[in-house]
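Notes to accompany the following structure.
The values are calculated or read from the model by the stated rules, or taken from the named source; none is laboratory data. These numbers come from a predicted model, not from an experiment. Here the Cβ positions follow ideal geometry from the backbone for every residue, glycine too, while neighbour counts run over all protein chains shown.
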Amino acid sequence: APAPAPDLYSRGMDWLSRYGYLPPPDPRTGRLQTKEGMESAIRQMQRFAGLKETGKLDEATLKQMSMPRCSLPDIVSSEDRLRKRRKKR
Amino acid sequence: YTLAGSSWEKTNLRWSVLSYPRLFSTLSPSEVESILFHALKVWSDNTNLQFHSTSKDEAKQAEIRISFERSLHDDGYPFDGKGGTLAHAFFPGQAEINGDTHFDDEETWTYREPDGVGTDLFTVAVHEFGHALGLSHSSADPSIMRPYYQGPVGDITSYILPMDDVQAIQTLYGVKMNSATIPPSGPLTPRLPELPKTPRPPRGTVQPNPGYPDRCEGGFDAVANIRGEVFFFKGPYFWRMQRSGSLVSLAPASIKNFWMGLPPGTNKIDAVYEKKTDGHIIFFIGSQFWVFKDTIAMPGYPRPLSEWGMRTRGGRMVERVDAAFVWAHNGHTYVFSGEEFWRFTENQGQIVPRPDADYPRSASLWKGVPSSPDDIISWGKAGDTYFFKGNSYWVLKSGGLDQDVVSPNSTATDWMFCPTSTAGPLPVTPNYRKCNCGINN
């Protein structure tokens, strides 16, 4: 089967970043998401949503990502908390 | 359940409605207030919390301020129109915004309508007030704090919180007692990780030589779609466009500072692409290639390009690659050299694929685009291919090779955020052999 189209893939990655499963892009360190990191993020999202854990942006996962939802992230990393604390200060 | 890490220090909380649905909802202001009142009551039924409605004059003092907003509304969490994100609320805290609860005014807010007619305000409000009281998203089923909207939860007068949510709210505000409010005791569970006492100092970054090339001139050696981001390589530098569509920096980064394992003095990369099966990234430089696992070259590289088995129609072994990409339309890998191209079918576990039968073919089969491009990526809608050459790019839509109109666009303007005036004239479409003659034109 062909790989997901890049825009789906990009949107998937965006979605995972927005809701806390992937660290947000960090221009300061310029880090690249690792393949393992992305698969792990997809698995975590699938586990959280009660989907079969495939680690892939499969049909069920993309469908779940398109469901209406709350804007808040599902995973709040300690890094985000630190950033918010700095911002507040 | 998961706690946000903050809660209100008092249990008598004030709430106020600052605005009502204006766009699509048929709910009257009094119905909205009634729904919101009951959504708060769901939480106070199980704890020592008490909610008091405040008048508009006192709204500033309210801990929970409710409004219906659309699009950008000055809190950093823009709404996105109908569907998508529905609402959000800010966790408890000392700042003015804490406790604020926003609903997307572009949703059709309803109450007790069948699923599909609109979005049930009571259901979403119970969820958002959970946030405003200090609960994060839960993966438990059932839980009102699951992040996804799954239809109306039922009648406002008889709805009962799932046990997961009852336990969460009681951890923060105690079990409901008849007497006056009692503050919660003991640590929040689960414990949140300790944060560093002082922020780590930023690490220094070696800045590239300010004599770097001008991104607005185009002429990129290689362009690649890696992990959904687009990398533009030129000389010893590269620019990186994030998935959001913005460049990480207008100034380029040094290739050797990011892609570890290329030989010192590397100042031109011919082509780069990300493999479909294992996500490894292939760099082609001259007659050699490197395989990267993320940003680090794997041991044993470089290896000779001849291992790819690409021979020209004249029988000569290919000594250099111009472009390489995986076509999302069919999942095959395409490699261009000279005015020919080869197709590969990647198999799991295979580091170097073999060319498919009947290749090479003439690059001129890709109509209306340069036959010796600087590089190609698959991007955008399924199967769209972007050919880059000089300071222009051409798009072949939806897996096509042969479309009626293929016009060059400016790479400088569209990808590099350069002013139109510096982008230079666009070239005439090369190899454009089609002619459309209609009776009217």
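Odds and ends about this structure:
- Residues in region B:229-252 that are away from chain A (no Cβ under 11 Å), assigned to a strand (DSSP E or B) and touching a residue at least 40 places away in the same chain (Cβ under 8 Å): B:F232, B:W239.
- For region B:292-309, a residue qualifies if it is in contact with a Pro (Cβ under 9 Å, 6 or more places away or on another chain) and either within 14 Å of chain A (Cβ to nearest Cβ) or modelled with pLDDT of 95 or more (or both), but none of them does.
- Residues that are on the phi < 0 side of the Ramachandran plot and acidic (D, E) number at least 1 in the following strands (runs of 3 or more DSSP E) confined to region B:1-110: B:64-69, B:101-104.
- The set of residues in region B:1-59 that are without any contact (Cβ under 8 Å) to a residue 40 or more places away in the chain and of a type outside the set (S, T, Y) comprises B:P29, B:E33, B:F37, B:K41, B:F51, B:D57.
- Residue satisfying all of: in region B:55-76; buried (at least 18 other Cβ atoms within 10 Å of the Cβ) and not small (G, A, S); farthest from the chain's Cα centre (by Cα) among these: B:E63
- Some residue of region B:351-364 being in contact with a Leu (Cβ under 9 Å, 6 or more places away or on another chain) and modelled with pLDDT under 95: no
The rows are residues; the columns are (1) over 17 Å from A:M67 (Cα atoms); (2) more than 11 Å from every other protein chain (Cβ to nearest Cβ); (3) without any contact (Cβ under 8 Å) to a residue 12 or more places away in the chain.
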residue: B:F91; (1), (2), (3): yes, no, no
residue: B:E113; (1), (2), (3): yes, yes, no
residue: B:T119; (1), (2), (3): no, no, no
residue: B:F122; (1), (2), (3): yes, yes, no
residue: B:H127; (1), (2), (3): no, no, no
residue: B:Y148; (1), (2), (3): no, no, yes
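- Candidate set from region B:124-153 (those that are hydroxyl-bearing (S, T, Y) and assigned to a loop (DSSP other than H, G, I, E, B)); member that is nearest to B:P21 (Cα to Cα): B:Y149
- Single residue of region B:129-146 satisfying the filter (of a type outside the set (A, V, I, L, M, F, W, C) and in contact (Cβ under 8 Å) with a residue 40 or more places away in the chain) that is nearest to B:E69 (Cα to Cα): B:H131
- Among the residues of region B:95-109, those that are free of Cβ contacts under 8 Å to residues at least 60 places away in the same chain and facing chain A (nearest Cβ under 9 Å) comprise B:A95, B:H102, B:D104.
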